[in-house]
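Chemist: Below is the structure I would like to discuss, written out as structure tokens.
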Amino acid sequence: MNVIQIRALVTGGSGGIGAAICRRLGAAGRFVYVHAHRNMSAAETIAGDINAAGGQAAAVQFDLTDAAATRAAVERLLEAGPVQVLVNNAGVHDDAVFPGMSPAQWHRVIDLSVNGFYNVTQPLMLPMIRTRWGRIVSISSVSALIGNRGQVNYAAAKGALNAATKALSLEVASRGITVNAVAPGIVSTSMADGAFNAAAIAAIVPMKRAGSAEEVASLVAYLASEEAGYITGQVISIDGGMA
């Protein structure tokens, strides 16, 4: 697999964890498509950093919740050949206790994580299957494993990703394609840093610290590598012992 460069698409690649994943895959020799929906300038910066470091990357922009737009964008990528590594990283929080959760809050979170997974993954499958090699990694959450107050929508969305991971892995295992999910706990990003202080983290996390985006990226990069070819259908926690 080293003769032809493997192309990777990271959805939500302009965010904290997504950016770390993009950089790690770029350093591993993948051609990385850094996806963004609104923050295209950040995606372009990340792609530029990868290129400057000697890798290859390009920024792409589309709305994962728009099925037609996503399919059109994916078809443009496939014109250059199959995408053999897909990291479904895009997601969104819209927290509220369930009795006060609006329909918009429910559907917004479910639509991006679950429908977005279908919209981008399904059109990539047949070209990937024809190569008889591929890696699909979806970013889940510890919330899907142990629950969290105020995140019924988020836990449901990530739980659906876990179930889809296990089912899809069975369908494509004989084609040399692995399908796994990574379930981070509290990770130090701009989003999490505003929600948890050091005392709260110490009370929740057995390791008494938040994880880093780079630690998550290292796990994703391993699952996307040739070395992880016998790991599939797994939901792997990276949460300092929370789950």
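The values are calculated or read from the model by the stated rules, or taken from the named source; none is laboratory data. Note that the coordinates shown come from a computational prediction; the quantities given were computed from them, not determined experimentally. Neighbour counts run over all protein chains shown; Cβ positions are idealised from the backbone, glycine included.
Chemist: Given the conditions (1) at negative phi; (2) touching a Lys or Arg at 6+ places or on another chain (Cβ under 9 Å); (3) not basic (Lys, Arg), report the number of the one that His93 does not fulfil.
Modeler: (2)
Chemist: Give the number of residues within segment 219-243 that are in contact (Cβ under 8 Å) with a residue 40 or more places away in the chain and under 16 Å from Leu9 (Cα atoms).
Modeler: Count: 5.
Chemist: Still on this structure, I have one more. Can you tell me which residue is modelled with the highest pLDDT among those in segment 202-241 that are more than 15 Å from the chain's Cα centre (by Cα) and surrounded by 19 or more Cβ atoms within 10 Å (Cβ to Cβ)?
Modeler: Only one residue tops the list, namely Thr232.
Chemist: Against the definition (at pLDDT below 95, over 21 Å from Ala36 (Cβ atoms) and out of contact with any Pro (no Cβ under 6 Å at 6 or more places or on another chain)), how does Ile186 come out, yes or no?
Modeler: Details: at pLDDT below 95: yes; over 21 Å from Ala36 (Cβ atoms): yes; out of contact with any Pro (no Cβ under 6 Å at 6 or more places or on another chain): yes.
It is true that Ile186 is at pLDDT below 95, over 21 Å from Ala36 (Cβ atoms) and out of contact with any Pro (no Cβ under 6 Å at 6 or more places or on another chain).
Chemist: Could you look through segment 60-88, keep only residues that are of a type outside the set (Val, Ile, Thr) and buried (at least 23 other Cβ atoms within 10 Å of the Cβ), and pick out the one that is nearest to the chain's Cα centre (by Cα)? Talk me through it step by step, then tell me what you get.
Modeler: So the first thing to find is which residues in segment 60-88 are of a type outside the set (Val, Ile, Thr), and the list is 61-64, 66-69, 71-73, 75-82, 84, 86, 88.
After this cut, where a residue has to be buried (at least 23 other Cβ atoms within 10 Å of the Cβ) as well, the list is 64, 84, 86, 88.
Details: Leu64: 13, Gln84: 14, Leu86: 8, Asn88: 3 Å.
That would be Asn88.
Chemist: Wholly within segment 161-243, which helices (runs of 4 or more DSSP H) include no fewer than the required count, namely at least 1 residues that are farther than 23 Å from Tyr118 by Cα and among the acidic types (Asp, Glu)?
Modeler: 190-193, 213-223
Chemist: Moving on to the next point. Would you check if there is a residue in segment 139-152 being of a type in the set (A, V, I, L, M), part of a helix (DSSP H, G or I) and closer than 16 Å to Thr11 by Cα?
Modeler: No: segment 139-152 contains no residue that is of a type in the set (A, V, I, L, M), part of a helix (DSSP H, G or I) and closer than 16 Å to Thr11 by Cα.
Chemist: Of Ile50, Ile46, Ile129, Ile136, which residue is part of a strand (DSSP E or B) and surrounded by 14 or more Cβ atoms within 10 Å (Cβ to Cβ)?
Modeler: From the options Ile50, Ile46, Ile129, Ile136, the qualifying one is Ile136.
Chemist: Could you pull out the residue among Val83, Val92, Val74 that is outside any loop (DSSP other than H, G, I, E, B) and either of a type in the set (A, V, I, L, M) or in contact (Cβ under 8 Å) with a residue 40 or more places away in the chain (or both)?
Modeler: None of the others qualify; the one that does is Val74.
Chemist: If Thr65 satisfies all but one of (1) out of contact with any helix residue (DSSP H, G or I) (no Cβ under 8 Å at 6 or more places or on another chain); (2) in a loop (DSSP other than H, G, I, E, B), what's the number of the condition it fails?
Modeler: Checking Thr65 against (1) out of contact with any helix residue (DSSP H, G or I) (no Cβ under 8 Å at 6 or more places or on another chain); (2) in a loop (DSSP other than H, G, I, E, B), the one that fails is (1).
Chemist: Of everything in segment 24-38 that's part of a helix (DSSP H, G or I) and surrounded by fewer than 24 Cβ atoms within 10 Å (Cβ to Cβ), which residue is nearest to the chain's Cα centre (by Cα)?
Modeler: The extreme case among them is Arg24.
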